[in-house]
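Structure record follows, encoded as structure tokens.
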Amino acid sequence: MTEPEPLQQIDRTFVRFRGRKLSYFSGCDYFRLASHPDVIAALKDGLQKYGLNVAASRLTTGNHVLYQQLEERLAAFFCAESALLVSGGYVTNLIVAQALAGSFSHTIVDEKAHPSLWDAAKSMDCPVMKFRHRDTQNLEEVVRRCGPGAKLLLLTDGMFAHDGAVAPLAKYLEILPNDAVILIDDAHGAGVLGDTGKGSIEHEGVDRNRVIQTMTLSKAFGTYGGAILGSAGLRRRILEKSKMFLGSTPLPLPLASAAMRSVQMLKSDKSLRRRLIANVKFVKEALSGAGKLSEITPGPIVPIIPRSARDATRIRQGLLEAGIFPPFVRYATGPVNGYYRFVISSEHSKKQLEKLIGVLTKAPEEAWVPDHADD
């Protein structure tokens, strides 16, 4: 894989690319809180009050009160019994796996699960089986193959980053044995999905009795760090058994201060999610009406899969002519040859959205596969 060119994000919804200012439909800062003045002010205030870094594990001398306050705020936001703050989103699943290793007979993983979930599965000290992406019928077959009396842990994304689709969690819980648990990587769903932003769990209408939700603060919340949302018992088990948690330094204090503010904003400012929902609906309905999308997924992500390298170049040229950065990416869960992954935010203007729609609807119908990024 070739390292991409450096980019400089400017003015919240634009990017500086090769000397040009272009509209930016990429990244995962769904509410553009990373550049919100109030969040920046909270970061600066945290730096002045607390300094940069605790320079120690939370289980030695680095357990700052700010981390505990942020955990309380996250637990309240997501209506979880407990929230445990960790250094980053990727490690959340690994830390949970270290705590739960040896507790299950089989681990079952969605074939398109995030790489961190696959890494976590390797630490579970039990056989690992996969099922076809979001395929409940195939999941039933895999569960049967595990045999009677099997104790199962299912690993899945909540909202999948490659196309914005959501795991059918309620159906999974119907299929799984009553003592099974689902570990949900909700990095992209947290703050975005559900009536109040509680993520895929709220979107799917399932309770927390049989699920563990992990998340990142670097997407919808615009800052940095990860959190594990679950029971108080899970938290205690992590503190006792996870060497990764024990041996890591938590996120810098100014970022924790910024996250405090962004969580508060997403809880109190309902207009952020209303604008995001409206912008996503505007773009996806326009593309669907033009025959460019076969299904409207809940997430703020629009995948466009070119049929050939030539078609990819044609789309790129059209985007650049319209003043839009061409977000062509190659990622583990997307098409092997890459695809365009457009991300809609709450802060994109109608003019920006109309330009994007214009480019994508005017392109020849044969230029891309009008479907999810599942191939």
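Got a sec to turn the phi values of segment 166-173 into Karplus ³J(HN,Hα) couplings, 6.51 cos²θ - 1.76 cosθ + 1.60 with θ = phi - 60°, whole Hz, x for Gly and Pro?
10, 5, x, 4, 4, 5, 4, 5
Just report the Cα centroid separation between segment 105-154 and segment 178-235, whole Å.
Measuring centre to centre over Cα atoms gives 19 Å.
Could you tell me which residue out of S262, T92, S308 lies farthest along the dipole of the chain toward its positive end? Charges go on the beta carbon: Lys and Arg +1, Asp and Glu -1, centred on the Cα centre.
S262
Among all lysine pairs in segment 1-157 that are eight or more places apart or on different chains, how many have alpha carbons less than 20 angstrom apart?
Lysine pair count for segment 1-157: 5.
How much mean residue ellipticity at 222 nm does the chain get from its helices, if each DSSP H run of length 4 or more adds -39500 (n - 2.57) and you divide by all residues, to the nearest 500 deg cm²/dmol?
Dividing the helical sum by the residues of the chain leaves -12000 deg cm²/dmol.
Once the dipole of segment 191-305 is set up with Lys and Arg at +1 and Asp and Glu at -1 on Cβ about the Cα centre, which of T249, H203, V192 lies farthest towards its positive end?
Most positive-ward Cα: T249.
Over the residues of segment 135-255, compute the C-alpha Rg and express it relative to 2.2 N^0.38 Å.
Scaled against compact globular proteins, the figure is 1.15.
Place the peptides 202-210, 5-13 in order of packing, highest mean first, counting for every residue the other Cβ atoms within 10 Å and averaging per peptide.
In descending order of packing, they fall as 202-210, 5-13.
With the other protein chains left in place, how much accessible area per residue, in square angstrom, belongs to segment 1-145 at a 1.4 angstrom probe? If you can, show how the numbers build up before the last one.
Working: 7150 Å² over 145 residues.
Solvent-accessible surface per residue comes out at 49 Å².
Among the DSSP beta bridges whose two residues both lie in the chain, what percent are antiparallel, rounded to the nearest 5?
If I count the DSSP bridges inside the chain, around 60 percent turn out antiparallel.
Name the shape class, rounded, prolate or oblate, that the alpha-carbon gyration tensor gives for segment 202-356, where a ≥ b ≥ c are the square roots of its eigenvalues, rounded holds for a/c under 1.5, and otherwise prolate holds if a/b is larger than b/c and oblate otherwise.
prolate
Please list, or write none, the aspartates and glutamates whose alpha carbon is within less than 18 Å of the alpha carbon of K351, excluding same-chain residues fewer than 8 places away.
D11, E285, E321
Convert each backbone phi in segment 103-113 into a coupling constant with the Karplus relation 6.51 cos²θ - 1.76 cosθ + 1.60 (shift: θ = phi - 60°), then list the ³J(HN,Hα) values in order as whole Hz, x for Gly and Pro.
Per residue, the Karplus-derived 3J(HN,Hα) values read 8, 10, 7, 8, 10, 10, 10, 4, 4, 10, 5 Hz.
What shape does segment 186-249 take by its C-alpha gyration tensor, where a ≥ b ≥ c are the square roots of the eigenvalues and a/c under 1.5 counts as rounded, a/b above b/c as prolate, and the rest as oblate?
Details: a/c = 3.68, a/b = 1.39, b/c = 2.65.
It comes out oblate by the Cα gyration axes.
For segment 1-90, what size does the Cα cloud have along each of its three principal axes, sorted from largest down, in whole Å?
47, 33, 31
Could you grab the relative contact order for the chain? Cα pairs under 8 Å, six or more apart, rounded to a whole percent.
This gives 23 percent for the chain.
What ranking, highest mean first, results for peptides 316-324, 75-83, 255-263 when packing means the other Cβ atoms within 10 Å averaged over each residue?
Packing order, densest peptide first, comes out as 255-263, 75-83, 316-324.
If we count every other residue with Cβ under 13 angstrom of R18's Cβ, Lys/Arg +1 and Asp/Glu -1, where does the sum land? Walk me through the numbers on the way to the answer.
Numbers: positive: R16, R20, K21, R316; negative: E5.
Local net charge: +3.
Tell me which residues come under 5 Å, amide H to amide H, from G226 once H is placed; ignore anything under 5 positions away on its chain.
Those qualifying (amide H under 5 Å, at least 5 residues apart or on another chain) are V86, S87, G88, G89, L217.
With the full set of protein chains in place, find how many percent of the accessible area of the chain is carbon and sulfur; take the probe as 1.4 Å.
50
Distance between Cα centroids, segment 253-313 to segment 11-59: provide it in whole Å.
Rounded to whole Å, the Cα centres lie 19 Å apart.
Need one number for segment 37-140: average projected area of the convex hull over its C-alpha atoms, nm².
9.5
Once you sort the root eigenvalues of the Cα gyration tensor of segment 100-189 as a ≥ b ≥ c, which label holds: rounded (a/c under 1.5), prolate (a/b larger than b/c) or oblate (the other case)?
oblate
Output wanted: per-residue J couplings in Hz (rounded whole) for segment 18-30, from phi through Karplus 6.51 cos²θ - 1.76 cosθ + 1.60, θ = phi - 60°, x for Gly and Pro.
6, x, 10, 9, 10, 4, 10, 10, 7, x, 10, 7, 4
Which residues' amide hydrogens lie under 5 Å from the amide hydrogen of I108, considering only partners 5 or more residues apart or on another chain, with H built in the peptide plane?
The list, which skips near neighbours in sequence, is M129, L153, L154, L155.
The values are calculated or read from the model by the stated rules, or taken from the named source; none is laboratory data. Remember, it's a predicted structure, so these values are computed and weren't measured experimentally. Don't worry about glycine lacking a Cβ; one is built from the backbone with ideal geometry, like all the others, and counts go over all protein chains shown. To get the accessible areas, we keep the full protein, side chains included, count just its heavy atoms, and leave off ligands, DNA and RNA. Shrake-Rupley method; radii C 1.70, N 1.55, O 1.52, S 1.80 Å.
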